[in-house]
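This report concerns only the one structure given below.
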Amino acid sequence: MFTTALAQRQKTPQDELPLDLFAAIEELKTELNAVILAHYYQDPDIQDLADFIGDSLQLAKAAANTQADTIVFAGVHFMAETAKILNPDKLVLLPDLNAGCSLADSCQPEAFAAFKAKHPDHLVISYINCSAEIKAMSDIICTSSNAVKIVEQIPKEQPIIFAPDRNLGRYVMEQTGRDLLLWQGSCIVHETFSEKKIVQLKITHPQAEAIAHPECETSVLRHASFIGSTAALLKYCQNSPSQQFIVATEPGIIHQMQKLAPNKHFIPAPPYNDCNCNECPFMRLNTVEKLYLAMKNRTPEITMSEDIRLAALRPIQRMLEM
Ligand code: 13P
Ligand code: SF4
């Protein structure tokens with residue numbers, strides 16, 4: 001852990017950094033009365049120093065319930081934005097403001113407003129991986145861990161727009177038997193897994209169970225014996241009697257899988273090319289060093305207009321109630 005932090009430190013000599021970044025972060029946490037929330041796709045060092053690690057729903061709940069004055073969000077922009085929507089009076093820091101999300105980017109407010117206007121009788125359910133502007137145009141927010149449950153609670157005759165992830169939308173359609181009008185967005189990471197390489201892995205590792213996040217394409221999901229959010233995948237690996245897993249989601253989560261089930265073997269599902277594109281390039285922009293600097297300098301901070309915040313809060317609260 002210390003070695004990685006040292007290596008990161010050497011990359012930005014322009015910044016004065018303490019010798020022990022981890023101790024310095026602990027001190028800043030007290031000074032700021034801060035809580036560090038981290039997603040499972042963060043670098044292992046960040047996961048290890050976080051006060052709370054979780055999937056999008058667990059992180060939103062943790063943000064809603066925290067007593068801290070400062071939330072340091074080790075995740076991507078839409079996650080930190082959700083924390084700010086729930087906590088307008090708190091300082092919400094994101095170590096790197098460029099930590100975006102391809103799914104959120106695939107749904108721009110102007111285009112989405114036009115799409116919505118064409119279907120005025122539809123209820124809008126949006127996946128939490130979207131901007132505050134899209135949330136403000138939505139009726140209910142969902143995450144990968146509650147999307148099926150939320151759609152199931154809507155009367156059958158009510159038509160629904162589901163945005164922005166077409167893969168999660170298709171999966172929800174399959175699970176609920178409902179016909180959803182899908183926005184055609186997707187995650188660059190979850191669309192990178194190669195079905196062919198997963199099948200090859202299943203042949204060479206016949207004891208291994210394939211598990212997948214619902215943001216994956218149908219061609220990958222059909223090889224999975226379990227499909228779920230990051231938190232659900234983690235729980236499944238712990239409880240399943242299997243000793244080997246092929247994991248079709250961002251491999252950052254394998255750090256927690258390995259910690260919770262040290263004797264099991266986790267194989268990251270490979271991408272099409274010989275590259276690291278199964279790692280989320282946005283999540284991985286955050287580093288321990290940037291996290292320290294964000295706390296020290298109280299920036300970059302998440303801000304938004306009060307109008308947007310209030311409009312985005314309503315569908316998030318509806319999700320939390322449902
Ligand atoms: P989870 O809510 O399952 O953690 O998903 C977040 C995400 O960004 C998946 O790509
Ligand atoms: Fe967005 Fe995909 Fe990265 Fe998740 S893994 S934050 S959906 S780009």
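The values are calculated or read from the model by the stated rules, or taken from the named source; none is laboratory data. These numbers come from a predicted model, not from an experiment. As a convention, Cβ positions derive from the backbone with ideal geometry for all residues, glycine included, and neighbour counts pool all protein chains shown.
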Any chance the range 107-125 includes a residue that's touching a Cys at 6+ places or on another chain (Cβ under 8 Å), within 16 Å of ligand 2 (Cβ to nearest atom) and polar (S, T, N, Q)?
no
Answer from ILE198, ILE211, ILE254, ILE246 - the residue that is among the aliphatic types (A, V, I, L, M), surrounded by 21 or more Cβ atoms within 10 Å (Cβ to Cβ) and touching a Phe, Trp or Tyr at 6+ places or on another chain (Cβ under 7 Å):
ILE211
Matching option when the condition is within 16 Å of ligand 1 (Cβ to nearest atom), assigned to a loop (DSSP other than H, G, I, E, B) and either modelled with pLDDT of 95 or more or under 19 Å from the mean Cα position of the chain (by Cα) (or both), among VAL220, VAL247, VAL189
VAL189
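Take the conditions outside any strand (DSSP E or B), charged (D, E, K, R), under 18 Å from LEU57 (Cβ atoms) and away from ligand 2 (no atom under 16 Å from the Cβ) and apply them to LYS235. Does it pass? Walk me through it before giving the result.
Values: outside any strand (DSSP E or B): yes; charged (D, E, K, R): yes; under 18 Å from LEU57 (Cβ atoms): yes; away from ligand 2 (no atom under 16 Å from the Cβ): yes.
Criteria met by LYS235.
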Hits in the range 299-322 (condition: within 22 Å of HIS39 (Cβ to Cβ), touching a strand residue (DSSP E or B) at 6+ places or on another chain (Cβ under 9 Å) and of a type in the set (D, E, K, R))
GLU301
Among the residues in the range 283-297, are any of a type outside the set (A, V, I, L, M, F, W, C) and modelled with pLDDT under 95?
no
Within the range 46-79, the count of residues that are under 18 Å from MET319 (Cα atoms), buried (at least 24 other Cβ atoms within 10 Å of the Cβ) and more than 13 Å from ligand 1 (Cβ to nearest atom) comes to 1
Taking the range 248-265, which residues are within 11 Å of ALA210 (Cα to Cα) and in contact with a helix residue (DSSP H, G or I) (Cβ under 6 Å, 6 or more places away or on another chain)?
ALA248
Identify the residue in the range 12-60 that is within 14 Å of ligand 2 (Cβ to nearest atom) and among the hydroxyl-bearing types (Ser, Thr, Tyr) and, among all such residues, is modelled with the lowest pLDDT.
SER56
Could you list, in sequence order, the residues of the range 19-72 that are free of Cβ contacts under 8 Å to residues at least 60 places away in the same chain, under 18 Å from SER145 (Cβ atoms) and part of a helix (DSSP H, G or I)?
LEU59, ALA62, ALA63, ASN65
Failed criterion for ALA294 (all others in (1) of a type in the set (Gly, Ala, Ser); (2) outside any loop (DSSP other than H, G, I, E, B); (3) within 16 Å of ligand 1 (Cβ to nearest atom) hold)
(3)
Among PHE282, PHE266, the single one that is within 24 Å of LEU86 (Cβ to Cβ) and surrounded by 14 or more Cβ atoms within 10 Å (Cβ to Cβ) is PHE282
Tally the residues that are within 14 Å of GLN184 (Cα to Cα), away from ligand 1 (no atom under 16 Å from the Cβ) and touching a residue at least 40 places away in the same chain (Cβ under 8 Å), restricting the search to the range 93-119.
3
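Give the residue, chosen from PRO241, PRO271, PRO262, that is away from ligand 1 (no atom under 14 Å from the Cβ) and modelled with pLDDT under 95.
Working: PRO241 fails: modelled with pLDDT under 95; PRO262 fails: modelled with pLDDT under 95.
That would be PRO271, the only listed residue that is away from ligand 1 (no atom under 14 Å from the Cβ) and modelled with pLDDT under 95.
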Lone unmet requirement of (1) out of contact with any helix residue (DSSP H, G or I) (no Cβ under 7 Å at 6 or more places or on another chain); (2) over 22 Å from CYS275 (Cβ atoms) for GLN238:
(1)
I need every pair where a residue in the range 216-231 that is at negative phi has its Cβ under 8 Å from the Cβ of a residue that is away from ligand 1 (no atom under 16 Å from the Cβ) and in a loop (DSSP other than H, G, I, E, B), sequence separation at least 6 or different chains.
PHE226/SER240
Failed item, numbered, when ILE267 is tested on (1) in a helix (DSSP H, G or I); (2) away from ligand 2 (no atom under 13 Å from the Cβ); (3) touching a strand residue (DSSP E or B) at 6+ places or on another chain (Cβ under 8 Å):
(1)
Pull out all pairs, ordered by first then second residue, where Cβ-Cβ is under 8 Å, the residues are six or more apart or on different chains, the first lies in the range 243-268 and is within 20 Å of LYS202 (Cα to Cα), and the second is buried (at least 19 other Cβ atoms within 10 Å of the Cβ) and modelled with pLDDT under 95.
GLU250/ASN278; PRO251/ASN278; PRO268/ASN278
State whether the residues of the range 166-185 include one that is assigned to a strand (DSSP E or B) and within 13 Å of ligand 2 (Cβ to nearest atom).
yes
